[in-house]
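What follows is calculated from the coordinates using simple rules that are stated; it is not laboratory data. Keep in mind it's a predicted model, so treat the numbers as computed, not measured. Because the Cβ atoms are built from the backbone with ideal geometry, glycine has one as well, and the counts that use them run over all protein chains shown.
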Amino acid sequence: MPSAISLVTLLTDFGETDYFVPSMKGVLLGINPQIRIVDLSHRVPPHGIEQAAFFLKSCYEYYPDGTVHVVVVDPDVGSGRRALLVSTTRYFFLAPDNGVLSYIFKNEASVEVRAIENKQYRLDSAGATFDGRDLFAPSAAWLTKGQSPGSYGRLISDYVTLPDDHPKMNNQVLQGRIMYIDHFGNVITNITATEMETFRSVTKKEWTGLTVGEMTMKGVKGFYGEGATGLPELIINSNGHLEIFIKQGRAADRCGFQVGQKVELI
Amino acid sequence: MPSAISLVTLLTDFGETDYFVPSMKGVLLGINPQIRIVDLSHRVPPHGIEQAAFFLKSCYEYYPDGTVHVVVVDPDVGSGRRALLVSTTRYFFLAPDNGVLSYIFKNEASVEVRAIENKQYRLDSAGATFDGRDLFAPSAAWLTKGQSPGSYGRLISDYVTLPDDHPKMNNQVLQGRIMYIDHFGNVITNITATEMETFRSVTKKEWTGLTVGEMTMKGVKGFYGEGATGLPELIINSNGHLEIFIKQGRAADRCGFQVGQKVELI
Amino acid sequence: MPSAISLVTLLTDFGETDYFVPSMKGVLLGINPQIRIVDLSHRVPPHGIEQAAFFLKSCYEYYPDGTVHVVVVDPDVGSGRRALLVSTTRYFFLAPDNGVLSYIFKNEASVEVRAIENKQYRLDSAGATFDGRDLFAPSAAWLTKGQSPGSYGRLISDYVTLPDDHPKMNNQVLQGRIMYIDHFGNVITNITATEMETFRSVTKKEWTGLTVGEMTMKGVKGFYGEGATGLPELIINSNGHLEIFIKQGRAADRCGFQVGQKVELI
């Protein structure tokens with residue numbers, strides 16, 4: 001476990017029009033004015049636990065050792081749901097216990113998960129609707145001031161994880177789904193290089209195309225500019241996922257693809 | 001009055017697509033490269049003085065002593081309107097003299113208000129349309145370099161304040177209004193715990209509901225998850241305001257409530 | 001050429017909903033945790049090379065000496081297009097070689113342009129679709145750690161520039177175009193004080209109006225508040241460009257003006 005450095009990232013569904021995020025930043029800086037804050041995003045769809053989990057997975061590993069990652073997508077704030085402090089080999093994570101850290105639990109070799117129970121890390125405030133400001137921000141700030149994870153609460157092992165969402169082999173076909181549509185309209189599936197390897201070893205052949213609804217796309221391009229104009233094409237994207245794109249166009253809109261839709265590698 | 005620290009917050013209606021905000025940041029850092037900048041928001045509705053005033057009130061107090069808060073919502077830039085430097089016990093505020101600091105004047109025990117008149121704090125630039133970059137940013141930056149408030153201009157007492165906007169008791173009913181709709185579609189009224197106390201002491205009874213148009217909501221929930229599915233409910237929000245919400249839904253859209261609409265506590 | 005300071009600005013078309021920008025920030029901070037990052041904007045229209053070039057020109061000069069400006073609007077990522085490191089008297093710029101730095105080449109007295117060829121500055125990653133994270137971010141970070149520009153690659157002189165876009169005199173009329181519409185709906189032309197001077201010296205008279213489609217606007221206001229209510233008016237904006245505005249209104253929407261539309265100074 002590293003020492004916490006004064007670098008805190010924030011990932012929330014609070015949007016950017018309200019006083020929610022700047023309140024959290026004020027609390028962080030009020031406790032430790034040396035903290036540097038990086039916004040991962042505040043545009044997670046409201047209550048989008050799965051989307052936040054995927055977002056975090058896609059970028060947390062680039063940050064330096066000791067970074068404190070704070071995730072607040074928290075539809076059950078104020079209820080009995082627990083708040084977590086997770087320590088891994090390189091990082092700290094603070095988040096509600098609702099599955100938003102699922103990929104961390106899966107990817108990281110060593111995780112220590114604690115329920116934040118120590119009341120001294122909670123701010124006295126009106127209402128019970130804003131743990132981002134009243135619990136997660138002060139807890140993160142005190143961590144950067146050198147408070148030990150052990151002082152936050154006891155270790156637990158029954159934390160919440162999201163159901164497994166891997167593509168599955170079924171009758172010589174790999175069945176996956178569309179998990180994300182990005183800013184450029186690119187369509188990202190949950191099929192990665194690992195699953196394509198599985199396809200090969202199970203079927204003893206190379207895959208020949210990706211089917212979505214009534215469309216089948218074939219062949220993988222090496223970069224976006226290689227795509228034919230106006231046609232949906234396949235690429236392995238920068239996170240290793242199989243992705244559908246249209247060169248300088250919006251594949252999602254053009255083809256009508258949506259998050260959750262089934263895809264088949266054949 | 002504190003010494004200014006190198007922490008500057010920005011609250012504007014400049015949006016995030018143009019070069020306005022990054023120009024201000026460049027000027028701040030050009031004068032003092034050690035400044036750390038926190039964006040409160042740049043999404044105040046264009047020319048939305050009231051909204052900016054409410055936004056600032058909702059989060060400024062969390063920041064550390066010596067923070068310099070810069071507010072630029074400035075429809076009358078270039079006209080004769082004055083620019084203000086306000087010093088309080090803990091903070092500095094720079095803003096046009098148009099009422100955007102009204103809550104600061106009301107909330108803070110001690111305020112020193114100056115008109116910024118010293119030309120040495122103004123940048124030489126084309127046009128007279130961008131005091132955010134040409135006056136407020138350099139003025140804030142020089143403050144973090146140790147310039148004294150007294151060097152900016154003379155004390156004034158005839159600064160602009162917005163008209164009082166408190167709910168009022170009328171015939172055993174507390175009449176207020178909807179003042180803000182947040183990112184989640186929650187509907188925030190201008191009724192706070194203080195006014196509910198007034199209601200009780202005037203009427204000698206407990207209030208029984210909040211009426212908006214033809215709807216009446218009853219009972220206050222302790223947290224969002226307690227709400228019945230699909231029904232508008234009441235809660236005291238994280239700033240102490242009475243708020244209408246729908247559990248994991250958008251109350252404003254579902255009920256058609258709008259900013260400015262009247263509400264009655266009965 | 002200055003020494004690089006630990007201040008890095010980012011200008012991209014990546015939007016703010018995806019993991020692209022926070023991945024770049026993670027890489028920057030992973031290599032040099034002392035870097036301070038300023039977002040110029042991530043809302044450049046997708047693949048909008050011209051818009052990014054204009055945006056950069058509008059604000060880069062306010063930043064302190066040694067700032068590292070990173071621009072990633074990069075439709076041809078993964079193809080053979082080169083990546084550039086440009087050193088000027090005051091700054092460093094990193095960007096794809098697609099014309100996005102055209103105004104820098106034109107404005108700056110001294111530019112050293114290099115192709116980034118040294119593989120040690122590239123991150124090992126999946127795919128070839130994300131040079132923002134895999135090439136530009138690490139290259140910028142190493143620059144702030146003191147690596148010399150010469151270590152990145154050889155000097156080149158055949159870099160790409162956008163076609164000249166100045167207004168032109170034609171038969172006693174100055175023909176320009178609308179180049180930008182800002183957050184307030186203000187309509188910015190490519191006519192600046194310099195071109196108005198040209199108009200005067202060629203025509204031997206003062207200009208009398210600006211014609212767009214069937215509308216002609218006359219006279220230049222000194223500040224926005226001077227405009228007549230509801231009427232489109234002219235102003236020299238904060239970057240020295242001739243601009244059409246409506247007092248507290250949206251000129252672009254009200255008049256139906258669009259980027260690219262022709263304007264004539266008569």
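Can you give the mean number of other chain Cβ atoms that lie within 10 Å of the Cβ atoms in peptide C:20-33?
6
Give the long-range amide H neighbours of residue C:42: residues separated by 5 or more places, or on another chain, with amide H under 5 Å away, using H modelled in the peptide plane at 1.01 Å from N.
C:12
Quick one: angle between helix C:20-31 and the longest Cα principal axis of chain C, in degrees between 0 and 90, rounded to 10, please.
50 degrees
Report, for residue C:173, each distance to the same residue's label point in the other copies, shortest first and in nm; define the point 7 Å along Cα→Cβ.
6.3, 6.3
How shielded is B:175-185 by partner chains, expressed as the average number of their Cβ atoms within 10 Å of its Cβ atoms?
3
Taking all pairs of distinct Cα atoms, average 1/r, flip it, and tell me the Kirkwood hydrodynamic radius of the stretch B:168-265 in Å to one decimal place.
In the stretch B:168-265 this quantity evaluates to 13.4 Å.
Per residue of C:35-46, what is the mean number of Cβ atoms on other protein chains within 10 angstrom of that residue's Cβ?
4
When chain A is treated as a GNM, springs tying every alpha-carbon pair under 10 Å, which of A:174, A:135, A:40 comes out with the largest mean-square fluctuation?
Looking only at A:174, A:135, A:40, the largest GNM fluctuation is found for A:174.
Could you tell me which residue out of C:252, B:258, C:33 lies farthest along the dipole of the protein assembly as shown toward its positive end? Charges go on the beta carbon: Lys and Arg +1, Asp and Glu -1, centred on the Cα centre.
It is C:33, whose Cα lies furthest towards the positive end.
Just report the Cα centroid separation between the stretch B:110-164 and the stretch C:193-213, whole Å.
36 Å
The stretch B:56-83 to the stretch B:240-258: how many Å between their Cα centroids?
29 Å
Just need the relative contact order of the stretch A:168-265 here, percent rounded to a whole number, with Cα pairs under 8 Å and 6+ apart.
Contact order relative to length: 37 percent.
Among C:6, B:79, which comes first, second and so on when ranked by fewest other beta-carbon atoms within 10 Å?
Sorted ascending by nearby Cβ count, the order is B:79, C:6.
With N residues in chain B, what two-decimal value do you get for its Cα radius of gyration over 2.2 N^0.38 Å?
Ratio of Cα Rg to 2.2 N^0.38 Å: 1.13.
For the pair residue B:166 and residue C:168, how long in nm is the line joining their label points, each one 7 Å along Cα→Cβ?
6.8 nm
Please report B:38, B:263 as a ranked list, fewest other C-beta atoms within 10 angstrom at the top and most at the bottom.
Final ranking by Cβ density, sparse to dense: B:38, B:263.
If R₀ is 41 angstrom, what is the calculated FRET efficiency for the pair residue A:261 and residue C:112, using the beta carbon separation as r and rounding to 0.05?
E between residue A:261 and residue C:112, to the nearest 0.05, is 0.25.
Kirkwood Rh and Cα-based Rg: tell me the resulting Rg over Rh for the protein assembly as shown, rounded to two decimals.
With Rg and the Kirkwood Rh in hand, the quotient comes to 0.97.
Along the charge dipole of the stretch B:7-151, which of B:14, B:120, B:103 sits closest to the positive end, that is, farthest toward it, with unit charges on the beta carbon of Lys, Arg, Asp and Glu (+1, +1, -1, -1)?
Of B:14, B:120, B:103, it is B:120.
Using the Karplus curve 6.51 cos²θ - 1.76 cosθ + 1.60 with θ = phi - 60°, work out ³J(HN,Hα) for each residue of the stretch C:78-93 in order, rounded to whole Hz, and write x for Gly and Pro.
x, 7, x, 4, 7, 9, 10, 10, 10, 10, 10, 4, 10, 10, 10, 10
Out of residues 5 or more away from residue C:9 or on other chains, whose amide H comes under 5 Å of its own, with H placed 1.01 Å from N in the peptide plane?
Residues meeting the amide H criterion: C:38, C:68, C:69, C:70.
What gaps in nm, shortest first, separate residue A:34 from its twins in the other copies when you place the label 7 Å past Cα toward the beta carbon?
Result, one decimal in nm: 1.4, 1.4.
Using each residue's phi in the stretch C:169-181, evaluate 6.51 cos²θ - 1.76 cosθ + 1.60 at θ = phi - 60° and report the 3J(HN,Hα) Karplus result to the nearest Hz, with x for Gly and Pro.
So the J values, rounded to whole Hz, are 6, 8, 6, 6, 10, 9, 9, x, 8, 7, 10, 6, 10.
Treating the beta-carbon of each Lys and Arg as +1 and of each Asp and Glu as -1, no other charges, what is the dipole magnitude of the protein assembly as shown about its Cα centre, to the nearest 20 debye?
That gives the protein assembly as shown a dipole magnitude of about 500 debye.
Can you give the angle from 0 to 90° between the axis of helix C:49-59 and the longest principal axis of chain C, with both taken from C-alpha atoms, to the nearest 10?
In chain C, helix C:49-59 runs at an angle near 80 degrees to the longest axis.
Among the trypsin sites (Lys or Arg not before Pro) within the stretch A:40-148, which fall in a DSSP loop and have no more than 13 other Cβ atoms within 10 Å of their own Cβ?
Of the trypsin sites (Lys or Arg not before Pro), the ones in loops of the stretch A:40-148 whose Cβ has at most 13 other Cβ atoms within 10 Å are A:145.
Per-residue ellipticity at 222 nm for chain B, helices alone: DSSP H runs ≥ 4 residues times -39500 (n - 2.57), over residue total, nearest 500 deg cm²/dmol?
Rounded to the nearest 500, it is -5500 deg cm²/dmol.
Please identify, among C:164, C:74, C:65, the residue showing maximal mean-square fluctuation in a Gaussian network model of chain C using a 10 angstrom Cα cutoff.
C:164
Once you've got the GNM for chain B with C-alpha springs shorter than 10 Å, pick whichever of B:11, B:94, B:29 has the biggest mean-square fluctuation.
B:29
Can you list, shortest first and in nm, the gaps between the label point of residue C:110 and those of its counterparts in the other copies, using a point 7 Å from Cα in the C-beta direction?
When each copy's label point is compared with this one, the spacings are 5.2, 5.2 nm.
Please arrange C:50, A:117 by how many other C-beta atoms lie within 10 Å of their C-beta, fewest to most.
Ascending Cβ contact count within 10 Å gives the list A:117, C:50.
So the label point goes 7 Å from the Cα of residue C:123 along Cα→C-beta, right? Which residues of the stretch A:63-96 then have their backbone N under 15 Å from it?
A:63-65
Which lysines have a Cα less than 19 Å from the Cα of residue C:57, not counting those fewer than 8 places away in the same chain?
Result set, ordered by chain and number: B:25, C:106.
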